[in-house]
Amino acid sequence: MRSRILPVFLCLLAAAALALSGCAQVTSAYKETKTFYHTHINRPSTLNTEERTVLEDPQRALVQSVMPIDEELTKLEKALDALGTPPDGETAASLLRRFPWLSGLAMVAPDGTLGVSIPSVPLKQLDYSPLLELAPKALPRDLRSSVQDTPLGPEILLARPFLQEDQLQVLLVATFDFRALLPFASSPGDIIVRSPDVLIWTGDLDYSSTPMASINWEEYLKEYSDGVLTNENGSMLWFSRYLGGKPLVFASPLR
């Protein structure tokens, strides 16, 4: 009887050893996968309560002046991103009530042609075709933007694409004149706003005499996102803020 029990016991022991070895391998793989996930994919956020960012007076003045505008732009971005389907008339009207500084809303076909819009005849003649192009590193679902100069002043276009199986079906385009946002700024006469190729707002400043005028912003923004520019007329503090994958530059003089 004992002679039969011993082989069975040895077999069970070997099986248990294999199982334990397999478990160890699985546990090790799990730990490596978990570490990779939290290191490279979904990194846990941390809060550094010791670090303090100290702003100089000119920096603080620019931030305080621009922050209310930035908050409005952020709210619009979030509202457009939250739309699961192209808006009906009621939803479009609600967006316009929520953001009264918008010039209007338009539905644009994948070939760039204008469909339904509010108002039905836009005040400014706009080219929607640049919105069909993705910004560098952008995904097809990301918001897109364009800044266009018109005889009636610059207009900013922010588009929310709606896709079906990764194919663009329609763009919802919100348009606005930056001047409609100026009431939110504390000192609108002291700020300059521009895109790489369009001067949007110069406040009470003579742009041609500022150090910003000598910069090729298309190239400059490839290397820098903020800084101080100086010429014989003085210095300007500036930073860039991205909207729909395209940069907007905000600046004010250092006094």
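The numbers here are math on the coordinates, done by the rules we state, and not lab data. Keep in mind that what you see is a predicted model, and the values were worked out from it rather than measured. In this analysis, Cβ positions are derived from the backbone assuming ideal geometry, glycine residues included, and neighbour counts consider all displayed protein chains.
Screening segment 208-224 for residues that are touching a residue at least 24 places away in the same chain (Cβ under 8 Å) and assigned to a loop (DSSP other than H, G, I, E, B) and picking the one that is surrounded by the fewest Cβ atoms within 10 Å (Cβ to Cβ) gives Leu221.
Looking only at segment 105-139, which residues are at positive phi and surrounded by 10 or more Cβ atoms within 10 Å (Cβ to Cβ)? I'd like the intermediate steps shown before the answer.
Kept after step one, since they are at positive phi, are these residues of segment 105-139: 112, 137.
Of everything in segment 105-139, just one residue is at positive phi and surrounded by 10 or more Cβ atoms within 10 Å (Cβ to Cβ), namely Gly112.
With respect to (1) assigned to a loop (DSSP other than H, G, I, E, B); (2) exposed (fewer than 13 other Cβ atoms within 10 Å of the Cβ); (3) touching a residue at least 12 places away in the same chain (Cβ under 8 Å), the lone exception for Gly203 is condition (2).
Would you mind stating whether Asp197 is surrounded by fewer than 19 Cβ atoms within 10 Å (Cβ to Cβ), more than 23 Å from Asp142 (Cα to Cα) and of a type outside the set (Ser, Thr, Tyr)? Give the derivation first.
On the way: surrounded by fewer than 19 Cβ atoms within 10 Å (Cβ to Cβ): yes; more than 23 Å from Asp142 (Cα to Cα): no; of a type outside the set (Ser, Thr, Tyr): yes.
No, not satisfied.
Is there a residue being among the aliphatic types (A, V, I, L, M), out of contact with any His (no Cβ under 7 Å at 6 or more places or on another chain) and more than 18 Å from Ala61 (Cα to Cα) anywhere in segment 229-246?
Step one: list which residues in segment 229-246 are among the aliphatic types (A, V, I, L, M), which gives 229, 236-237, 243.
With out of contact with any His (no Cβ under 7 Å at 6 or more places or on another chain) added as a condition, the list becomes 229, 236-237, 243.
Of the ones still in play, those that are also more than 18 Å from Ala61 (Cα to Cα) are 243.
Checked against the condition, which is being among the aliphatic types (A, V, I, L, M), out of contact with any His (no Cβ under 7 Å at 6 or more places or on another chain) and more than 18 Å from Ala61 (Cα to Cα), segment 229-246 yields at least one hit.
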